[in-house]
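Derivation of every value follows stated rules applied to the coordinates shown; laboratory data play no part. Note that the structure is a prediction, hence the values are computed from the model and not measured. When we count neighbours, we look across all protein chains shown, and the Cβ atoms used for this are built from the backbone with ideal geometry, even at glycine.
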Amino acid sequence: MTLEDKNDPMKGSDNTLAAEYVVGVLSMADRRKVAARMRRDDVFVKLVETWEAKLSPLADSYLEVEPPATVKLAIDRILYDGNHSATMQPESLWQRLTFWRGLTSVAFALLIAVIAVPLATHRPPEIGIQLMALLAPKGSDVSYLAYYDPRTRQLSLSHLSGERNAGLDFELWAIEGQEMPISLGVIPPGNRVRVRLDSKIGSHLSKGGILAISTEPAGGSPTGQATGPVVAAGDLHQI
Amino acid sequence: MMHHDITKLIVRTSMKDRAAFDELYRHTSAKLFGVCLRILKDRGEAEEALQEVFIKIWSKADRCAVSELSPISWLVAIARNHAIDRLRARAKLPVDIADALEIFDPEPGPEAKLVAIGERGRIYGCLDELEKVKGDAVRSAYLDGETYAELATRYAVPLNTMRTWLRRSLIRLKECLER
């Protein structure tokens, strides 16, 4: 411990942590801890809100910039396109996915213009085929955006909406052609999570197919195949 | 648009009223896009973030009612926190720093200078009571979501010094605002 640490009047207090979270200086790991705490500690939430309120006039310095119209269109597709599946009868995982393939491709065509193009322009073309999928809600409010980089074999998932129920996990599945779904594992909680895939599954994904999320008992499906309802799904697209 | 109007739109959005959500988007998307753009300094990523922010707003609108924040501050807090989370999580994408610096003036914008006259402007008076460099550090931590490490590099001070500076500055700021 340094001299400065000893003299630090706010070191270690909840008040400091709340202030640091709001001002935005914490690392990703610390921000995640704070976010987890805010889900279960209302007193701490009040501290954070006090700081948000105190510092909020600083936000007046953010200049207004009109976003392109494609953003709102993409939001509407994500929020409203998944509604149709709510009335569907229970079917096999595979049947449901075949039906959804058509629904999500429309949403995705638009989304790809918004997200994939700017993303792709940041990367040199020679690094292999990257894939994206919008996992749109299926009779739920769960949605994720998935991005797969074959170079690192990392699948990045951005959590867009919907929470898992207590004691349950979200499990991610890849489906290609008429084959049985392959589990890509339980999705860790968090706004942005990464899953590293083994090379066999990685090359499998590169052929395209569908990603789907099912609700499973904590720790994942006990059978190796989806046992719970599919809550989100979408086609993989090359970008 | 007045605060209570935004509140009404958020309440109606929490009841999944699409028309209210559309209107809320019309009135607040430019501000929230400005937040995402300044923090992420990348147009494509800011558009993606804004999209995610409004999906969060749609699904979490009911929580605004229990928050003590003003509705616009609640919306800005969602956008700021989401953009900062993305900033921390993202792989290092090449960003043209020169372009970014040109677009994002570190001084308060004209709007802020105007607002500084009123009650909300007290925070600027309190920041001015701090040593200039420390006031600037608080401001840019807040507006750009910089980490302690980034601030320490920029101000060429050890990490612990920056941490102590910022924590003390926040305490003094709080005392000044509560005076």
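Averaged across the residues of B:39-51, what count of C-beta atoms belonging to other chains lies within 10 Å of each residue's C-beta? Taking the mean over all residues of the peptide, I get 5. A simple spin-label model places the labels of A:Q225 and B:R63 3.7 nm from each other, with each point 7 Å out along Cα-to-Cβ.
Work out the FRET efficiency for B:H27 and A:K46 from their Cβ-Cβ distance, taking R0 = 30 Å, and round it to the nearest 0.05. The pair B:H27/A:K46 has a calculated efficiency of 0.60. Applying 1/(1 + (r/R0)^6) with R0 = 35 Å to the Cβ-Cβ distance of A:T152 and A:M38 gives a FRET efficiency near 0.70. Within 10 Å of the Cβ of each residue in B:21-32, the mean number of Cβ atoms contributed by other protein chains is 3. If I take R0 = 22 Å and measure r between the Cβ atoms of A:D30 and B:R154 in this structure, what FRET efficiency does the formula 1/(1 + (r/R0)^6) give, to the nearest 0.05? Taking R0 as 22 Å, the efficiency between A:D30 and B:R154 is 0.65.
Counts of other chain beta carbons within 10 angstrom of each beta carbon in peptide B:83-89 average 6. Report the Cα centroid-to-centroid distance between the range B:11-86 and the range A:141-180 in angstrom, as an integer. The range B:11-86 and the range A:141-180 have Cα centres separated by 23 Å.
With a 10 Å radius around each residue's Cβ, average the other Cβ atoms per peptide and rank A:136-148, A:46-58, B:43-55, B:127-139, highest first.
My ranking of the peptides, most packed first, is B:43-55, A:136-148, A:46-58, B:127-139.
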